[in-house]
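Structure first, then comments.
The values are calculated or read from the model by the stated rules, or taken from the named source; none is laboratory data. Treat the numbers as computed from the prediction; the structure is a model and nothing was measured. Cβ placement follows ideal geometry from the backbone for every residue including glycine, while neighbour counts extend to all protein chains displayed.
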Amino acid sequence: MRSIACFLVALCLSARTTYAADQAKLSPAEQEVVNVSKARIDAASRRDIAALAGYLADDCIFSTDDGTVITKAKLMEHYRKPTAVYDRLVDPRDHIVHMYGNTAVVNYRVSGHEQFGGTDLVSEQRRTETCSSRCNGTICR
């Protein structure tokens, strides 16, 4: 019985290592999409309005956690408002990129860690973004 348990653990570790190795094999174009996505996330985290606006096409639409659809203008309005001081860290990872000519769809996991009012808030999400050369390498979410 113990040898079966050891075998199953070894099998799981092997599968996890294989999956991790597959995740690292991005083409240069796919890696560029991931880099743009991470740069946009960083600009949003720093509330750098000019940089963030440059990553978003004017006709982008966004959906909030509750399913509300908002425009780029509404999103920029949100980021221009002063916010309460709190620590926030996001960790985008496990990117999957599909290229369709000049358009890419990127899907990834993100963990959010926030300290707000003495409370540690942790969230897990899966996000999908679309990037097109029509937007000059910008991300439309």
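Among the listed residues V105, V36, identify the single one that is assigned to a strand (DSSP E or B), closer than 16 Å to T128 by Cβ and of a type in the set (V, I, T).
On the way: V36 fails: assigned to a strand (DSSP E or B).
Result: V105 is the single residue among V105, V36 that is assigned to a strand (DSSP E or B), closer than 16 Å to T128 by Cβ and of a type in the set (V, I, T).
List the pairs whose first member sits in segment 51-66 and is free of Cβ contacts under 8 Å to residues at least 12 places away in the same chain and basic (K, R), whose second member is assigned to a strand (DSSP E or B) and exposed (fewer than 13 other Cβ atoms within 10 Å of the Cβ), and whose Cβ atoms are under 8 Å apart, counting only residues at least 6 apart or on separate chains?
Pairs found: none.
Is at least one residue of segment 45-54 modelled with pLDDT under 90 and either farther than 24 Å from T130 by Cβ or not in a loop (DSSP other than H, G, I, E, B) (or both)?
Kept after step one, since they are modelled with pLDDT under 90, are these residues of segment 45-54: 45-47.
Those left that are additionally either farther than 24 Å from T130 by Cβ or not in a loop (DSSP other than H, G, I, E, B) (or both): 45.
Checking segment 45-54: at least one residue is modelled with pLDDT under 90 and either farther than 24 Å from T130 by Cβ or not in a loop (DSSP other than H, G, I, E, B) (or both).
Can you tell me how many residues in segment 93-102 are in contact with a helix residue (DSSP H, G or I) (Cβ under 7 Å, 6 or more places away or on another chain) and either surrounded by 15 or more Cβ atoms within 10 Å (Cβ to Cβ) or assigned to a strand (DSSP E or B) (or both)?
4
Can you name the residue in segment 103-127 that is of a type outside the set (D, E, K, R), loosely packed, with under 11 Cβ neighbours inside 10 Å and closer than 20 Å to D65 by Cβ and, of all such residues, is modelled with the highest pLDDT?
Let us first name the residues in segment 103-127 that are of a type outside the set (D, E, K, R), namely 103-108, 110-113, 115-119, 121-123, 125.
Subset that is loosely packed, with under 11 Cβ neighbours inside 10 Å: 117-119, 122.
Pick out the ones that are also closer than 20 Å to D65 by Cβ and you get 117, 119, 122.
Working: G117: 75, T119: 83, V122: 88.
Here the answer is V122.
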